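The block underneath contains the structure these notes are about, expressed in structure tokens.
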Amino acid sequence: MRTIWKGALTFGLVNVPVKVYSATEDHDVPLHQVHDKDGGRIRYQRTCEVCGETVAYADIDRAYVDEGQTVVLTKDDLASLPAEKSREIDVVEFVPSDQVDLLTLDKPYYLEPDSKSPKAYVLLRKTLEQTDRTAIVRFTLRQKTRLAALRVRGKVLVLQTLLWADEVRDAAFPALDEDVRISKKELELSASLVDSYSADFDPEEFVDEYQKELRTLIDAKIEAGDTFDVAETFGEAEKAAEGGEVIDLMEALRASVARSKEERAKNAG
């Protein structure tokens with residue numbers, strides 16, 4: 001893994017030097033746009049709407065529009081902001097872990113101790129484990145001040161950025177305000193269905209089927225020496241059935257439970 005950032009975790013008078021690594025990676029097959037006539041690659045140019053010139057990236061500044069006024073922010077303006085120069089991950093508070101809303105969790109990063117002795121790092125990790133607390137921190141990465149949750153994963157401290165409160169939309173759905181009556185039998189059947197699907201989660205059992213099939217498609221076209229006729233290697237996809245019968249909830253629950261039990265019995269046999 002490549003280090004993307006170096007700094008220090010600070011809480012009180014404790015300073016923990018760390019290296020930061022991205023904890024995830026994108027395995028999507030990279031695709032680009034081409035001209036369907038000759039396969040020529042499509043590229044985009046940055047064009048000024050005032051003079052019509054193609055502008056080099058080095059000559060581009062940022063701007064903000066406010067009530068008809070354009071405020072241009074130069075590279076020097078942005079470089080002068082103090083937050084951009086910060087190399088500290090400041091602990092704001094320690095909160096009960098169950099108070100961190102999963103909806104707000106964003107990009108995760110691994111933290112590695114960056115000192116001769118990892119004692120301070122291990123101390124913070126053990127403290128979070130024993131107190132069942134998550135540290136809420138502030139830090140700056142790629143010219144943006146971010147809020148993040150600092151938690152433990154195995155022996156590693158994980159820094160996971162959080163969405164700001166105003167970035168999470170309110171869920172206002174009128175249908176959920178209606179008084180819906182759920183019978184005891186419906187709850188029992190629903191719980192039975194959940195129980196029939198119960199298992200320990202193993203992420204290794206799941207794969208991105210779309211990316212897997214896309215890779216297979218690409219390999220097949222390369223092997224066939226054919227870069228245009230997709231139907232020759234895959235044929236037409238099955239058409240999805242249109243419409244659907246609206247059935248009683250109780251019947252759907254009963255049928256689901258029965259089918260799940262049958263499948264489990266077959267697998268066990």
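Report relative contact order for the chain in percent, whole number only (criteria: Cα-Cα under 8 Å, sequence separation at least 6). Relative contact order comes out at 16 percent.
Restricting region 156-207 to trypsin sites (Lys or Arg not before Pro) that sit in a DSSP loop and have at most 16 other Cβ atoms within 10 Å of their own Cβ leaves R169, R181. Between T10 and E223, the contour length at 0.36 nm per residue exceeds the alpha carbon distance by 71.2 nm. Pairs with C-alpha atoms separated by more than 19 Å, drawn from the list K6/K107; K185/K266; K6/K144, are K185/K266.
Near L187: Cβ cut-off under 13 Å, other residues only, Lys/Arg at +1 and Asp/Glu at -1. The net charge is 0. Relative to one another, the C-alpha centroids of region 146-217 and region 40-84 are positioned 39 Å apart.
Once R0 is set to 35 Å, what does the formula 1/(1 + (r/R0)^6) return for the Cβ-Cβ distance between A58 and D28, expressed as a FRET efficiency to the nearest 0.05? Computed FRET efficiency for A58 and D28 comes out at 0.75. Accessible surface area normalised per residue over region 69-146 is 69 Å², counting heavy atoms of protein chains with a 1.4 Å rolling probe.
Once you have a ≥ b ≥ c as the square roots of the Cα gyration tensor eigenvalues for the chain, tell me rounded if a/c is under 1.5, and otherwise prolate or oblate according to whether a/b is larger than b/c. Oblate, since a/c reaches 1.5 and b/c is not below a/b. Placing a pseudo-label 7 Å from each Cα along the Cα-to-Cβ vector at A191 and R87 gives an inter-label distance of 5.7 nm. Here the spin labels are modelled as points 7 Å beyond Cα on the Cα-Cβ line, and at D114 and D202 they lie 3.8 nm apart.
The charge dipole of the chain, taken about its Cα centre with unit charges on the Cβ of Lys, Arg, Asp and Glu (plus for the first two, minus for the last two), comes to roughly 1820 debye. Over the chain, dividing the summed -39,500 (n - 2.57) contributions of all DSSP H runs of at least 4 residues by the number of residues returns a 222 nm mean residue ellipticity of -8000 deg cm²/dmol.
The values are calculated or read from the model by the stated rules, or taken from the named source; none is laboratory data. Everything quoted here is computed from the prediction, not taken from an experiment. Cβ: placed from backbone, ideal geometry, glycine included. Neighbour counts: every protein chain shown. Note: accessible area is taken over every heavy atom of the protein model, side chains too, but ligands, DNA and RNA are not part of it. Shrake-Rupley method; radii C 1.70, N 1.55, O 1.52, S 1.80 Å.
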